[in-house]
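*Asks:* Below is a structure I'd like to ask you about.
Each reported figure results from applying straightforward, stated rules to the coordinates on display, with no laboratory input. Just so it is clear, the structure is predicted and the values come from calculations on it, not from any experiment. Don't worry about glycine lacking a Cβ; one is built from the backbone with ideal geometry, like all the others, and counts go over all protein chains shown.
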Amino acid sequence: MGRFPFDVLFEAVDLLDEFRDRGSGSGFLGADLDNVNKLSADMDKATEKEHSMRIYIAASWKHQHAVEMLSELLETEGHEILSWLREGRPEEAFLSRLDLERFIRSDEGKRVFEFCSLSVKGCDLVVYLGPSGCDAWAEVGAAYGCGVPILGLLAKSEDVGLMRRMIRSWHSSVNDLLQAVRTLADSKSQGHIKG
């Protein structure tokens, strides 16, 4: 990751050299152009992949719809979302205290915990949606400890102190946040950040 796919480029150059050596009278013009077009499309996909990131969104269940919408926006830009919503984490707000305890202690709870903790430590970027609770801040801390960059969507009622410094940059709108993700993706593709 972070490097131009030179193997695809070299394959395209070899194919063009072969085409030039054969000359236009060889009868293979159509087939060669199809191969060149396919390689060009492969290069476009590889370049797009170079600009994509694996993103985890740390947020409270109360932001479920915002997480879903942000996930869709980021996916349309080619990013992969490591989603705790899609992984089957229960809606904690709707569980009784006893049901939540049972879930946390269950095999399913362990599986979801492992998914979330591995995702925040192994992704390219964490996006924090505030205000969120202790689980989201634990995820931010785990990501920060592993050197994963973290961007935050600022909430007026954010109730966190000094540890808010773990967030690389705070953004007051989704558009500003998306632009920051694009900038980070460009930096990643140039090898300037982890990934």
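*Asks:* What is the Å³ per residue value for the convex hull set by the Cα atoms of the stretch 110-164?
*Replies:* Numbers: hull volume 4.1 nm³, N = 55.
Taking only Cα atoms, the stretch 110-164 has a hull volume of 74 Å³ per residue.
*Asks:* Packing-wise, with mean Cβ within 10 Å as the measure, how do 120-132, 157-169, 136-148 rank, highest first?
*Replies:* Details: 120-132: 22.4, 157-169: 12.6, 136-148: 18.2.
Those peptides, ordered most packed to least, come out 120-132, 136-148, 157-169.
*Asks:* Got a sec? How would S71, S96 order by Cβ neighbour count within 10 Å, fewest to most? All intermediate terms of the calculation are to be shown ahead of the outcome.
*Replies:* Details: S71 19, S96 8.
Going from least to most buried by this count: S96, S71.
*Asks:* Restricting the calculation to Cα positions, tell me the Rg (one decimal) and the Dmax (whole number) of the stretch 54-189 in Å.
*Replies:* 14.5, 46
*Asks:* In whole Å, largest first, what are the principal axis extents of the Cα atoms in the stretch 150-195?
*Replies:* 36, 23, 10
*Asks:* Could you size up the charge dipole of the stretch 54-189 around its Cα centre, putting +1 on the beta carbon of Lys and Arg and -1 on that of Asp and Glu, and report it in debye to the nearest 20?
*Replies:* On the way: 16 positive and 20 negative charges, 80 e Å.
The calculated dipole for the stretch 54-189 is roughly 380 debye.
*Asks:* May I pose another question? Would you order H192, H171 from fewest to most other beta-carbon atoms within 10 Å of each residue's own beta-carbon? Kindly include the intermediate steps, with their values, before the conclusion.
*Replies:* Values: H192 11, H171 18.
Least crowded to most crowded, the residues run H192, H171.
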